[in-house]
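Shown next, in structure tokens, is the structure this report addresses.
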């Protein structure tokens, strides 16, 4: 039996509601039907040609745009409404449709994202529990990119010539630390003594290198003057100016006896160097800090308590102090203990020869036992900088400066597996704000 299904509302009423209602839920409520039933009627009427898809208002909200709203009106509302709800009510559309229109206006460059007033006061929210959607995050990124582009365009308007850099004017003061040590003036190193190393050393070569050392020191002081006013210096005489007779081998190979080496070579060379600094480096004061080394001892073994009493260098320092007693620009500090502490500006510097650091040629190099020893000494009296010698390796370990040598690489350096290094001495600069500013090589060849 065929039964004709009764239609509750005529097509004309359904068409009118579909054209006026913004959502299928509202249309369903107006007609007293379910939303799925309303969507079925809409599909039937479009298929029958009684209306077009554009006439179904809630379809426009979801898939296309409501072209019946004037663009200028949309732009005006977007610029003045303080919330998305207020803007949607003013235009008579839903917030979802409002977002579609806003995106269209931005794409057509009718309005900037930053000009939408409610964007400044609240976030766009979707219907999924108030979480910001991926599309909204992309809009935020677009907004940020637009601001960056505007900032770059503003920078292009400014004419800046980056090639014009003002010259450094310097300022303040600086104190150089000059490290002279390990000259071994009477030692003899023959060519070929270390295969692959062309170093040669004897008293004649020593005189040449000592002269170059003084000249290089004065040159570095004058070169560093643009960094700050330099009228004072610290000269560290770190010891081992002679090789002595501490090993039987040295008795055979040295060019002369220890006392003769001190009297005729080491002391005159140091005094000549000091004279050169006073005359060529324009210094008002030089503080001479004197540490005795282990090579100038007259005892069989190094002594901890009375090392200075058995050192020929300690005697030489006192003789030099008497020699320069009328020179007011020199201040002498002659060590009787292993360490000498001296303050430069607010930085405490610890001076020593370095033979109390035990290094046996380990793969980690000198830095491991050296920094370990410094850490232990800092527990007693903390120093900002250590200056030491002995190992014939010019190094800058940050808180520790190590001096090189004048004699250069020889058989003993090979035996302790020391790194090869050309003859050189250490130079550093101390400034009030930065401490150790630089460490440089004093060329002696």
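Worth pointing out:
- Scanning the range 379-435 for residues that are within 27 Å of residue 215 (Cβ to Cβ) and assigned to a helix (DSSP H, G or I) turns up just one, 413.
- The range 297-324, residues that are farther than 30 Å from residue 221 by Cα and surrounded by 13 or more Cβ atoms within 10 Å (Cβ to Cβ): 297, 298, 302, 303, 307, 308, 309, 310, 311, 312
- Here the condition is being closer than 25 Å to residue 175 by Cβ and in a helix (DSSP H, G or I); of 327, 319, 331, 313, it holds for 313 alone.
- Restricting attention to the range 325-335 and to residues that are within 25 Å of residue 243 (Cα to Cα) and either in contact with a helix residue (DSSP H, G or I) (Cβ under 8 Å, 6 or more places away or on another chain) or not assigned by TED's automatic domain parsing to the domain that holds residue 292 (or both), the residue that is surrounded by the most Cβ atoms within 10 Å (Cβ to Cβ) turns out to be 335.
- Residue within the range 341-348 that is part of a loop (DSSP other than H, G, I, E, B) and in the same structural domain as residue 233 (by TED's automatic domain parsing) present: yes
- Looking across the range 340-375, the residues that are over 22 Å from residue 246 (Cβ atoms) and in contact with a helix residue (DSSP H, G or I) (Cβ under 9 Å, 6 or more places away or on another chain) come down to 350, 362.
- In the range 388-445, the residues that are within 20 Å of residue 378 (Cα to Cα) and surrounded by fewer than 18 Cβ atoms within 10 Å (Cβ to Cβ): 396, 397, 398, 399, 435
- Of all the listed residues (368, 344), the sole one being surrounded by 16 or more Cβ atoms within 10 Å (Cβ to Cβ), within 36 Å of the chain's Cα centre (by Cα) and over 28 Å from residue 254 (Cβ atoms) is 344.
- Single unsatisfied condition, residue 212 versus (1) outside any loop (DSSP other than H, G, I, E, B); (2) surrounded by 23 or more Cβ atoms within 10 Å (Cβ to Cβ): (2)
- Count - residues of the range 330-342 that are without any contact (Cβ under 8 Å) to a residue 40 or more places away in the chain and closer than 22 Å to residue 274 by Cβ: 1
- If the condition is being within 39 Å of the chain's Cα centre (by Cα) and part of a strand (DSSP E or B), then the range 168-204 contributes 173, 175, 176, 177, 178, 179, 180.
- Taking the range 1-102 and the helices (runs of 4 or more DSSP H) fully enclosed by it, the elements with 2 or more residues that are modelled with pLDDT under 75 and assigned by TED's automatic domain parsing to the domain that holds residue 114 are at 24-31, 57-63.
- Those helices (runs of 4 or more DSSP H) of the range 217-289 in which 2 or more residues are under 26 Å from residue 440 (Cβ atoms) and either assigned by TED's automatic domain parsing to the domain that holds residue 428 or free of Cβ contacts under 8 Å to residues at least 24 places away in the same chain (or both) occupy 267-280.
The values are calculated or read from the model by the stated rules, or taken from the named source; none is laboratory data. The model shown is predicted, which means the values in this text are computed figures rather than measured ones. Backbone-built Cβ (ideal geometry, glycine too); neighbour counts: all protein chains shown.
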